[in-house]
1. Out of the residues in the stretch 549-603 that are among the acidic types (Asp, Glu) and not in a strand (DSSP E or B), which is farthest from Ala641 (Cα to Cα)?
2. Going by the structure shown, is Ile361 more than 15 Å from Tyr345 (Cα to Cα) and either touching a Cys at 6+ places or on another chain (Cβ under 9 Å) or of a type in the set (A, V, I, L, M) (or both)?
3. Does Glu617 satisfy the criteria of being among the acidic types (Asp, Glu), closer than 28 Å to Ala528 by Cβ and not in a strand (DSSP E or B)?
4. Mind checking which residues of the stretch 73-120 are among the β-branched types (Val, Ile, Thr) and in contact with a Lys or Arg (Cβ under 8 Å, 6 or more places away or on another chain)?
5. Read through the list (1) within 15 Å of Ser548 (Cβ to Cβ); (2) among the basic types (Lys, Arg); (3) touching a helix residue (DSSP H, G or I) at 6+ places or on another chain (Cβ under 7 Å), then give the number of the only condition that Arg575 fails.
6. Among the numbered conditions (1) part of a helix (DSSP H, G or I); (2) in contact with a Ser or Thr (Cβ under 8 Å, 6 or more places away or on another chain), tell me where Ala389 comes up short.
Amino acid sequence: MSTDEPARTRTGGITKRARYTSRRRLRAEELVCQEQRLAATYQHAGIGIMEVDAEGRILHLNAQSCALTGYSSDEVLGHSIFDVTGDGKDIEVDHEQFRRQVAGELDRYTIERRIRRKDARYVWVSITSSSVCDANGRFLYAVRIQHDLTERRRTEEALAARVREQTALYQFTDRLQRAQSLDDVYEPALDAILDALQCSRASILLRDSSGVMRFVASRGLSEQYRRAVDGHSPWDAKVKDAEPICVDDVAHAAFAETLKRVVIQEGIHALAFVPLQPAGRLIGKFMTYYDIPHAFTRAEIDLAVTIARQLGFGIERKRAEQALQASKDRLEFALNAAQLGWWQYDPLHRVISGDMRSQEIFGTTGDIPIEDFVMKRLHPDDAERFRAAFQAALDPADPRPYAIEFRVQQGHGQIRWVEAHGLAYFEGDGHEGRAVGIVRTAADITERKEREEKEHLLMREINHRAKNMLSVVDAIAHQTAIKNPEDFTERFSERIQALSANQDLLIRNEWKGVEIEDLARAQLAHFAGLIGSRITVRGSQLRLKAASAQAIGLALHELATNAGKYGALSTDTGRVDVCWGTDDDALSMSWTEREGPPVSAPSRRGFGTIVMETMVERSVGGTVDLDYAPSGLTWRLTCPADNAVEPVGM
């Protein structure tokens, strides 16, 4: 070893120590830098960081935590996080989770909640609380990481509000389409107002016939309040394009003191008047009410105007529908009063449809093709006339109302007469016009036609009977003048009166025959006081035909006249028996006088004898036996019952 070797050795040792020292210094400097960087990161991280002990007291916090809460570190260090930043249910949930974390039940938990700032505003944060434990697992403190969620929450709430508003509007519109009454308009409108505008209460008022605003629907308002403010409106009745009026705080509103007092007593502290003005005409308003002062945003006002527009149109549409329905009801009432049905023809589909009355008249149960109607329902004799009227009505060159009477055939051979009035309506003008329909009324005139037919037959019958009557009168006059010229006037008058009595009975019975007893009593009217004592009238209940009644009535008149002048009724003791009956389809009738003066046959055959014999025989197709026995005259008629008597049941 050389003499300078120790020196080299010492130098090498010194060098090593220097190097070691240098490295330690460098590491210390690096550690300090790291700690400084970590501290800077801790302070300036974009998230809030807190360290809290087992009691929830704040041990450390970074600048972002201070920014979130609005407190400085000196104001909160040593204070409980649950006292500084919380209230309500959110803090209760966080506190319970932290208790479990300290107890070792949880190592970490995350919660989203609101925290109350120093300036009393709230912000939303996501808090992740992680445990820091010693080597034995004992809880030392918790690190709480806080992310500011306020903007995200605002976006979510704005989106949720937009969804809620759109849902409310959609549901409102949908329910409006299905509304059957004005109440069905008001109820969904109130739902939409409450849901979309998030107000506490709401109401709808409409102008009445005198222009005064009246409540028609409301939610959450007392009857006392409605009575107090009923009729109030902030707009003049003639205003055009009225604007919503919003009152953020009723206490500072420019209301009359009495009105302000009523509103505040109802617990209303903010409200809005929203006009309902379809087509620019003010018909009413809806009101929103808030239990606390409320700052109305432009978006809220625009939404309220949208709801008002929908509500106004819905009310006007329903009113128009009700007016139309009332008009239809009046028309239906008028048609029913006139016993008319309506029916229409669709040229495009060639189908006839109508109401219940027209279906009843035509014997249909629904729509029917025009071809089926003509072929199956129209009477064949009327089909061509119906087609001609139909085609004429569809002529665009000369459109005019038309009227036609025709017959329709129903089941079981039943025929109905119908009177139809119609008018076609066209698209386009003149020859270029196209018929789009024909509307008609239909009246069942079957009974009228039957009456007309009966009247026609009756007129023919009256004409026939009048001719017959004139012939009878002519014969009576002629024969009376020939046979009894000396007392023509008296005899002719008596015989005409007898004929008139017959006519009275026939007319009273509507020419359906005369009871024989009624006929006999009518011709014995001058001796009515003797019937039952000296005059007997008896027989079965039989009704003579009209022609038979005239002839037999005249015969009874002649018999009664002769009996009063020359026979049994010319004294105070004579008697007369008038009897009738049927036997084996034969009618027999007799006039028998007794206990009167002696009787002898007349020296000549007068008109009275012709009436009693010939006229009666010809009328009933029978035989008359006239016997002038001294004890009293007897007149006996025998004929087939069918010739003289109406069938039973007529």
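The values are calculated or read from the model by the stated rules, or taken from the named source; none is laboratory data. This is a predicted model, so every value here is computed, not measured. Ideal geometry is used to build each Cβ from the backbone, glycine not excepted, and the neighbour counts take in all protein chains shown.
1. Initially, the stretch 549-603 is screened for residues among the acidic types (Asp, Glu), giving 558, 572, 577, 583-585, 593, 595.
Retained after the next criterion (residues that are not in a strand (DSSP E or B)): 558, 572, 584-585, 595.
Values: Glu558: 23, Asp572: 36, Asp584: 9, Asp585: 5, Glu595: 31 Å.
The extreme case among them is Asp572.
2. Values: more than 15 Å from Tyr345 (Cα to Cα): yes; either touching a Cys at 6+ places or on another chain (Cβ under 9 Å) or of a type in the set (A, V, I, L, M) (or both): yes.
The answer is yes for Ile361.
3. In short, no.
4. Residues of the stretch 73-120 among the β-branched types (Val, Ile, Thr): 76, 81, 84-85, 91, 93, 102, 110-111, 115.
Correct list: Ile81, Thr85, Ile91, Val93.
5. (1)
6. (2)
Okay, residues lined up against (1) within 19 Å of Thr173 (Cβ to Cβ); (2) in contact with a Gly (Cβ under 8 Å, 6 or more places away or on another chain); (3) surrounded by 12 or more Cβ atoms within 10 Å (Cβ to Cβ):
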| position | (1), (2), (3) |
| --- | --- |
| Val274 | yes, no, yes |
| Leu282 | no, no, yes |
| Ile301 | no, no, yes |
| Gln325 | no, no, no |
| Asp329 | no, no, no |
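To keep it simple, each residue is scored yes or no on (1) outside the structural domain of Ala308 (by TED's automatic domain parsing); (2) touching a strand residue (DSSP E or B) at 6+ places or on another chain (Cβ under 7 Å); (3) under 22 Å from Asp94 (Cα atoms); (4) part of a helix (DSSP H, G or I).
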{"residue": "Val123", "(1), (2), (3), (4)": "yes, yes, yes, no"}
{"residue": "Thr128", "(1), (2), (3), (4)": "yes, yes, yes, no"}
{"residue": "Ser131", "(1), (2), (3), (4)": "yes, yes, yes, no"}
{"residue": "Gly137", "(1), (2), (3), (4)": "yes, no, no, no"}
{"residue": "Val143", "(1), (2), (3), (4)": "yes, yes, yes, no"}
{"residue": "Ala161", "(1), (2), (3), (4)": "no, no, no, yes"}
{"residue": "Glu165", "(1), (2), (3), (4)": "no, no, no, yes"}
{"residue": "Tyr170", "(1), (2), (3), (4)": "no, no, no, yes"}
{"residue": "Thr173", "(1), (2), (3), (4)": "no, no, no, yes"}
